[in-house]
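The structure appears below as structure tokens.
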């Protein structure tokens with residue numbers, strides 16, 4: 001890794017030292033969690049070109065699966081037959097959350113990619129809504145609108161020897177920062193590999209991709225699985241941070257937030273969801289400083305989204321890097337896009 | 001039913017229907033190993049439909065297609081490509097926003113076996129495979145004389161070079177049978193000459209070529225054998241010289257010209 | 001719902017329940033069909049994934065509320081006005097946002113429509129607060145009772161007007177010059193343009209018409225249910241389900257689809273569970289798109 005990367009890592013990791021406001025730290029934590037979700041959506045939407053508008057479903061499934069695994073649950077299939085599991089350590093619960101979301105991504109991918117284009121968008125939205133309604137109504141499992149609470153925080157360690165607790169904000173910030181870094185690296189590796197190229201190929205020209213041997217369904221499903229698992233991880237991180245989860249986590253508005261982050265940041269780029277996440281994670285806070293009603297905030301966000309899509313349809317990162325590449329210089333050789341982060 | 005010894009590609013009794021119209025009816029022909037075979041015929045004769053059926057983009061109403069003795073009918077396009085049958089498209093078809101080099105890298109898909117887990121873990125086998133792939137891509141670029149364009153965006157190339165890039169992408173998939181759909185349409189004479197030379201080089205690599213083309217000079221210049229279609233049926237099959245003087249062929253083309261003249 | 005008949009077995013009572021569900025479904029189905037027709041024009045024919053359709057529905061209801069409850073306008077006049085205002089809003093959305101995007105990617109269009117949806121819904125919430133509002137209606141409160149079944153006057157009125165509007169739309173699209181121009185534009189834009197059809201205006205008019213129908217549906221249902229800022233969301237979902245059910249662009253199919261959805265909901269709610277009512281529309285979408293993406297009636301009359 002280059003010098004600049006190390007510097008960036010150092011600066012980010014040191015944030016809890018010089019950011020004293022716990023509230024601001026809270027904002028950073030939630031923003032980072034959303035950035036992970038946005039990066040996962042970018043894999044499906046940006047690189048593979050599938051406009052999936054049900055992503056909050058995977059986020060929420062990860063959150064619920066992790067929370068339920070850490071609390072333990074029991075459901076009665078019939079009057080006599082009940083299944084359940086006892087409470088699991090949080091790190092295992094998070095893993096379960098990730099896997100559960102990934103499995104759903106697999107199922108959804110296999111089924112949903114039979115339809116394409118606008119129909120796929122609608123199927124993805126419908127899927128998320130069905131999941132939400134199940135979460136609201138299957139009270140025995142999810143507590144419905146009364147929410148799952150008292151979700152345990154993450155602690156790692158060997159009992160009696162040492163214990164590392166992530167209940168406090170600074171520690172949790174490091175946790176989510178590390179998770180985000182790992183996810184970023186995973187996506188970068190994927191994009192620069194055979195699999196990533198296959199995904200891009202089927203985004204750009206599906207018949208041509210098939211003609212050179214790319215199994216379209218296989219790569220759509222792969223993108224769906226990885227994307228869902230990563231979103232599930234973000235959901236699990238969220239659940240053990242706020243420690244309360246209710247069906248609102250599946251609301252379409254959260255999917256929309258992720259979509260806004262990806263598109264305005266620059267879909268199909270590595271840095272895009274990060275930039276978009278920072279902008280739209282912090283923007284509501286910035287607006288709050290002006291004591292604006294939440295509805296007005298959303299109106300402004302909606303307007304901003306429209307403006308960005310009109311003015312810079314390719315997103316902030318590509319527009320910025322193309323401006324940076326051509327400033328002062330006559331456009332001789334069109335260069336391949338430069339990533340903001342290595 | 002198995003293929004005969006002579007046919008590398010065997011099309012048997014192929015029939016394709018569009019709505020109520022028979023685009024192709026009972027078409028049977030062979031492509032022999034190592035030859036350059038051209039399909040010609042007036043517009044609407046069914047040439048591209050035949051391509052689409054052979055390469056899995058279209059489901060035939062009837063008939064079978066065999067390649068080296070194994071059935072192709074019913075397979076998906078990517079499975080057919082994996083067997084060694086690769087096609088180009090009539091309309092310019094590239095991964096437009098990607099660089100020329102990336103276009104070729106994508107075309108090399110079948111040559112790698114990177115497992116998703118290995119990719120995510122960043123194992124050295126993946127890095128090694130990537131290196132090999134890049135090397136192979138440069139080889140192909142040199143073969144097609146496109147190295148100078150490597151970093152340019154595919155859609156930024158002049159038209160003639162775009163069509164060459166299409167062929168390069170198809171070659172990257174390591175075909176033993178290459179299907180070219182109107183490869184020189186829209187090219188100027190100089191580009192056509194360059195293409196014919198490229199085709200000769202492809203042929204000397206041992207690749208069999210099935211060609212659909214309207215440009216008669218190119219067809220006569222490169223083909224070992226020509227099959228002429230009209231209204232979904234084969235009306236002639238022979239060497240360029242035989243086809244040139246074949247009465248049915250002349251009638252088919254004259255007929256079309258007369259139809260066009262009547263408007 | 002059903003009168004209690006003193007009969008020995010459960011037969012007639014369950015039959016009466018069933019018939020009552022059917023009547024309810026009929027009433028509801030007409031409005032769903034109205035919603036679906038509007039979106040058929042926009043999504044089925046224009047192929048715009050119109051995320052604002054639900055908001056136009058809500059807008060129609062809010063306008064009814066404002067006109068009837070705040071400005072004391074006559075109920076029936078208000079209906080007409082609310083529909084007209086909806087058409088104007090729809091036309092404005094098309095003019096301002098969609099016109100520039102005519103040649104853009106589908107994702108870009110969808111995102112802009114999502115942005116417009118967020119803005120509209122939150123502006124509605126700002127203006128009217130999240131409190132549910134009721135709209136007074138001029139119909140007698142007592143329902144008509146026929147044997148064991150009952151129907152309220154309000155609902156009969158809604159049914160009648162919805163059917164009327166559907167018929168009018170059908171005639172408009174199939175029997176008038178405007179309708180012909182619409183069909184020409186969306187089947188083959190270039191040829192239509194060459195023939196002198198004012199493409200841009202047809203786009204705006206079609207979108208306005210579809211939006212007006214959505215607003216009409218909202219204006220009709222507002223007095224029956226309550227008016228809330230989020231009422232548009234389930235409505236939009238159902239509208240999409242109906243368009244897909246009916247086979248994109250198929251007006252007759254969408255009409256039937258509306259009734260089918262209403263029946264499915266009523267049966268589901270009556271005999272399974274009421275919490276999942278809204279899920280039925282979504283499940284239908286998923287099932288249809290997976291197993292019969294052309295819709296149930298695609299072979300019949302198609303516009304596009």
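Compute the length gained on full extension between residue A:138 and residue A:82: take 0.36 nm times their separation in residues and subtract their Cα-Cα distance, giving the result in nm to one decimal.
So the extension gain works out to 18.7 nm.
Between rounded, prolate and oblate, where does the range C:69-185 land on the alpha carbon gyration tensor, with a ≥ b ≥ c its root eigenvalues, rounded for a/c under 1.5, else prolate if a/b exceeds b/c?
Because a/c hits 1.5 or more and a/b fails to exceed b/c, the range C:69-185 counts as oblate.
Classify the range A:2-76 from the C-alpha gyration tensor, please: rounded if a/c falls under 1.5, else prolate or oblate depending on whether a/b exceeds b/c.
oblate
If contacts are Cα pairs under 8 angstrom and at least 6 residues apart, what is the relative contact order of chain C in percent?
36
Compute the orientation-averaged projected area for chain C from the convex hull of its Cα atoms and round it to one decimal in nm².
Orientation-averaged projected area of the Cα hull: 17.0 nm².
Over all directions, the average projected area of the alpha-carbon convex hull for the range B:127-263 comes to how many nm²?
The number I arrive at for the range B:127-263 is 10.7 nm².
Compute the long axis of helix C:232-246 from its Cα atoms, compare it with the longest principal axis of the Cα atoms of chain C, and write down the angle in degrees, 0 to 90, nearest 10.
Roughly 80 degrees between the two axes.
Under the rule of -39500 (n - 2.57) per DSSP H run of 4 or more residues, summed and divided by the residues of the protein assembly as shown, what mean residue ellipticity at 222 nm is obtained, to the nearest 500 deg cm²/dmol?
-19000 deg cm²/dmol
Once Rh is set to the Kirkwood radius over Cα pairs, what Stokes-Einstein translational diffusion coefficient, in µm²/s, holds for chain B at a temperature of 20 °C and a viscosity of 1.002 mPa s?
Answer from the Stokes-Einstein relation: 110 µm²/s.
Relative to the longest principal axis of chain B, what angle (0 to 90°, nearest 10) does the C-alpha long axis of helix B:159-172 take?
For helix B:159-172, the angle is close to 70 degrees.
Taking each residue in B:141-154, count the Cβ atoms of any other chain within 10 Å of its Cβ, then average. What number comes out?
Whole-number average of other-chain Cβ neighbours for B:141-154 is 1.
Rg(Cα) of the range A:51-90 divided by 2.2 N^0.38 Å?
Compactness ratio reported: 1.52.
Take peptide C:237-243, look around each residue's Cβ out to 10 angstrom, count Cβ atoms belonging to other protein chains, and average those counts.
Average per residue, whole number: 2.
What is the average number of partner chain Cβ atoms found within 10 Å of a Cβ in B:80-88?
3
Please tell me the relative contact order of the range A:113-187 in percent, rounded to the nearest whole number, where contacts are Cα pairs under 8 Å and at least six residues apart.
In percent, rounded to a whole number, it is 12.
Calculate the all-directions average of the projected area of the range A:22-251's alpha-carbon convex hull, and give it in nm².
With every direction weighted equally, the projected area is 14.5 nm².
I need the calculated FRET efficiency for the pair residue C:72 and residue C:163, taking r as the beta carbon distance and R₀ as 25 Å, to the nearest 0.05.
Computed FRET efficiency for residue C:72 and residue C:163: 0.30.
Within a 10 angstrom radius of the beta carbon, how do C:32, C:65 rank from fewest other beta carbons to most?
C:65, C:32
Taking chain A as a Gaussian network, Cα atoms linked when under 10 Å apart, which of A:299, A:134, A:108 shows the biggest mean-square fluctuation?
Maximum fluctuation in the GNM of chain A, among the listed residues, is at A:299.
GNM on chain A, C-alpha springs below 10 Å: top fluctuator among A:301, A:251, A:12?
A:12
Quick one: grab Rg to one decimal and Dmax as a whole number for the range B:132-193, Cα atoms only, in Å.
12.0, 36
Relative to the first principal axis of the alpha-carbon coordinates of chain A, what is the inclination of helix A:294-311, with its axis defined by its Cα atoms, in degrees from 0 to 90 and to the nearest 10?
Compared with the principal axis, the helix lies near 30 degrees.
On the first, second and third principal axes, largest extent first, how far apart are the outermost C-alpha atoms of the protein assembly as shown in Å?
92, 79, 65
Taking 8 Å as the Cα distance limit and 6 or more residues as the minimum spacing, I'd like the relative contact order of chain B as a percentage.
The value is 25 percent.
Just to be sure I understand: with springs between alpha-carbon atoms less than 10 Å apart, which residue in A:293, A:112, A:195 has the highest mean-square fluctuation in the Gaussian network model of chain A?
It is A:293.
FYI, it's all coordinate maths here, none of it is from the lab. For clarity, every value in this text was computed on a predicted model and none was experimentally measured. Note: ideal-geometry Cβ built from the backbone for every residue, glycine included; neighbour counts use all protein chains shown.
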